[in-house]
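S.K.: Quick one: this structure, given as structure tokens, is what I'll be asking you about.
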Amino acid sequence: LEILLFFYLSGPNGLFLAGDPAQSVVEGTEFRFEEVRGVGHFVGSVIQKPKTVNVNFRSHSGILNCAGGVLDLMFTHFPSSAKQLKKDKGLFQGSRPGVLLGISIDQLNILLGDKLKGAVVLTHDESARHWRRLLDDYKLVYGVREAKGLEFKTVIVLDFFREIPSSLQKPWRELVLGRATQDFESSYPLASTFLKLLYTGVTRSIEKLFFVETKSSTAGDATMRWLTKKDSDRTSYATRNNINDVEAMSMTSDEFISEGINNAELAQSLDELGQAQLLLERSIWCFEQTDIIELAAKARIHYSSILFRQELQPPYDEKSANDRAVIEMRAAQLIESLTKEGLFFEVLNIFLSVTPFLSSEYAKEELEKRFIRKIRLAGREE
């Protein structure tokens, strides 16, 4: 009826409509493009075929990949719930959403008052008032339906899965873990509504998205597993964050990795060893906030090399033969470790720092000929 009134009021060919059938989340309403065109023909308007826009100007790829995973569930198990369109592509790359499981209300209040101040909290519409009260009258709490059509820099989807009705907790678990039966759509039609709500909530975010569950639940635990699981053909949709570190909650794992790499690369480019040491300490801390232990190990080896080079800074003290032998041995061990990690630039730095302490010209010449020269040549080729 509303669409019909729009057509009558706008006159023939005077109406432009845009919409996403996967976001038809207002209770009692649902639309298909074909039905809208049918109403237009009824009133004598000439309706063009719908044009599909698949470039998303709001959200980056990290968020859109997660939204695409929700659409996959919807179109696989509820093919009649909405017209299947191509997935959106973002103009920019970005970090995956973060997952926070078991966070307390106090921790969340601290975050919203400091590191995530200004973040919008999305809940089920019927729970929005309840959460506003629990979060110290935090003003930026919206129901998902209430937030439809809006966009926010940082979004927290709060207890969405725990608050799915008890009758759908186990079916939802089977759905996200790939165990749904062929009659799932007819047996649990309400699940498609919650998928649409989830998709709508995810796509409100511009830069950062967090899934926060304050307590364990059948649907919540299964969804967290689905979100953070890697498959052979894709990375996980989200990354698990450390709830014991408030600082960590302000960034996702991908952002920590990016920040860690930036600090490590900057440390490698500096001649001032004290500053390089500080940058690598930050880099190691960033990597330790993620589950990528290889990057943290690599940064620690680089850090050990910087400390060793600081010990060898001029002016040189008189070293005994035994001291020189120890320095030579430590240098050899570090060079081996740095080479395994691909830190060839630092290998050259170690060589230059340790050269005054090598016990013989023969050792220096052999190291230069058999090892260092090859690294320099490889660097020029790159």
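S.K.: Of TRP226, TRP131, which has the most accessible area and how do the rest follow, probe 1.4 Å? Could you put the intermediate results ahead of the total?
M.R.: Working: TRP226 30, TRP131 5 Å².
Solvent-accessible surface, decreasing: TRP226, TRP131.
S.K.: Might you work out the accessible area of GLU174 for me, using a 1.4 Å probe with all protein chains in place, and round it to the nearest 10 Å²?
M.R.: Number for this one is 50 Å².
S.K.: Restricting attention to the alpha-carbon atoms of segment 66-154, what are Rg (one decimal) and Dmax (integer), both in Å?
M.R.: 15.9, 44
S.K.: While we're here: So if we plug the beta-carbon distance of SER304 and THR355 into 1/(1 + (r/R0)^6) with R0 = 22 Å, what FRET efficiency do we get, rounded to 0.05?
M.R.: 0.70
S.K.: Given a 1.4 Å probe and heavy atoms of the protein chains only, how would you sort ARG240, ARG234, largest accessible area at the top?
M.R.: Result of the area sort, largest leading: ARG240, ARG234.
S.K.: Find out how many positive minus negative residues lie around ASN262, taking Lys and Arg as positive, Asp and Glu as negative, among other residues whose Cβ is under 12 Å from that of ASN262.
M.R.: -2
S.K.: Filter the cross-link list LYS196/LYS230; LYS170/LYS230; LYS117/LYS148; LYS51/LYS153; LYS49/LYS153 down to pairs whose alpha-carbon distance in this structure exceeds 25 Å.
M.R.: Flagged as over cut-off: LYS51/LYS153; LYS49/LYS153.
S.K.: Still on this structure, I have one more. Would you mind counting up the charge near LEU334? Only other residues with Cβ under 14 Å from its Cβ, with Lys and Arg at +1 and Asp and Glu at -1. Walk me through the intermediate numbers first.
M.R.: Values: positive: LYS298, ARG300, ARG309, ARG330, LYS340; negative: GLU311, GLU328, GLU336, GLU341, GLU346.
For residues surrounding LEU334, the net value is 0.
S.K.: Restricting attention to segment 289-350, which chymotrypsin sites (Phe, Trp or Tyr not before Pro) occupy a DSSP loop and are surrounded by at most 10 other Cβ atoms within 10 Å?
M.R.: TYR316
S.K.: Let me ask you something else. Would you please put 277-289, 99-111 in order of how densely packed they are, using the mean number of other Cβ atoms within 10 angstrom per residue and starting with the highest?
M.R.: Ranking the peptides 277-289, 99-111 by packing returns 277-289, 99-111.
S.K.: Same structure, new question: Give me, ordered by chain and number, the residues 5 or more places off LEU358 or on other chains with an amide H under 5 Å from its own placed amide H.
M.R.: Sorted by chain and number, the residues that satisfy this come to none at all.
S.K.: Further, regarding this structure: Check each of the trypsin sites (Lys or Arg not before Pro) in segment 124-198 and keep only those in coil by DSSP with at most 14 other C-beta atoms within 10 angstrom; list them in order.
M.R.: Details: sites: ARG129, ARG132, ARG133, LYS139, ARG145, LYS148, LYS153, ARG162, ARG173, ARG179, LYS196; in loops: LYS139, LYS148, ARG162, ARG179.
Filter output for segment 124-198: LYS139, ARG179.
S.K.: Identify the chymotrypsin sites (Phe, Trp or Tyr not before Pro) of segment 145-178 meeting these criteria: DSSP loop state and at most 11 other C-beta atoms within 10 Å of the C-beta.
M.R.: none
The values are calculated or read from the model by the stated rules, or taken from the named source; none is laboratory data. Owing to the predicted nature of the structure, the values given are computational and were not obtained by experimental measurement. Note: ideal-geometry Cβ built from the backbone for every residue, glycine included; neighbour counts use all protein chains shown. Each accessible area value is taken on the protein alone, full model and side chains, heavy atoms only, with ligands, DNA and RNA left out. Shrake-Rupley method; radii C 1.70, N 1.55, O 1.52, S 1.80 Å.
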